[in-house]
């Protein structure tokens with residue numbers, strides 16, 4: 001972002017010092033300045049935190065991520081989950097409360113596998129995909145949850161200061177609720193899947 005700002009400033013300075021009779025160069029500088037402005041606006045929109053009622057932007061669906069599922073870690077996108085209700089579970093390997101909730105989340109995912117996708121969004125950049133794979137292998141019961149390693153796009157859209165933290169997304173791609181762990185029950189998830197209103201207490205970041 002700093003590089004873009006520097007380019008904009010340099011283009012403006014050149015434009016001011018430019019003498020008459022150089023229409024092509026002037027047009028080039030004006031185009032550069034315009035592209036800089038548009039780029040800055042796109043960046044601002046990309047990192048704007050989302051709230052209840054907002055629709056997930058297209059970048060959420062198409063951005064490439066490392067998704068760890070089963071015993072494999074591969075680069076993919078969330079495009080495959082579009083049209084499904086989703087529960088985004090923000091966590092880290094050092095969060096004991098998060099780890100304690102995994103069996104519950106795993107059970108919910110198993111029961112609602114056709115209508116709901118639970119995604120474990122890791123917020124710790126130090127937790128490598130290999131570390132997540134090792135964690136899955138240590139689970140005693142079959143582990144049906146998908147983990148996402150180093151998910152910068154999603155972490156930018158949902159700045160989180162305390163975990164566990166849950167984002168409820170309807171099949172229409174809109175954010176329906178932001179809660180703590182206590183709100184996550186099978187009855188409430190069924191309401192999410194059915195597109196019914198959720199009267200849940202909102203969690204502050």
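The values are calculated or read from the model by the stated rules, or taken from the named source; none is laboratory data. In this text the structure is predicted, and so the values were computed from the model without any measurement. Cβ coordinates were reconstructed from backbone atoms using ideal geometry, including for glycine residues, and neighbour counts include every protein chain displayed.
For residue 27, are the conditions met, namely being farther than 30 Å from residue 198 by Cβ and modelled with pLDDT under 60? No: the conditions fail for residue 27.
Against the criterion of being touching a strand residue (DSSP E or B) at 6+ places or on another chain (Cβ under 9 Å), closer than 24 Å to residue 59 by Cα and in contact (Cβ under 8 Å) with a residue 24 or more places away in the chain, residue 155 qualifies. The residues of segment 169-183 that are assigned to a loop (DSSP other than H, G, I, E, B) and either farther than 23 Å from residue 95 by Cα or in contact with a helix residue (DSSP H, G or I) (Cβ under 7 Å, 6 or more places away or on another chain) (or both), listed by number, are 170, 171, 172, 173. Here residue 74 meets the list (1) touching a helix residue (DSSP H, G or I) at 6+ places or on another chain (Cβ under 7 Å); (2) assigned to a strand (DSSP E or B) almost entirely, failing just condition (1).
Quick grid of which residues meet (1) in the same structural domain as residue 67 (by TED's automatic domain parsing); (2) out of contact with any helix residue (DSSP H, G or I) (no Cβ under 9 Å at 6 or more places or on another chain); (3) touching a residue at least 60 places away in the same chain (Cβ under 8 Å):
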| site | (1), (2), (3) |
| --- | --- |
| 135 | yes, no, no |
| 150 | yes, no, yes |
| 185 | yes, no, no |
| 202 | no, yes, yes |
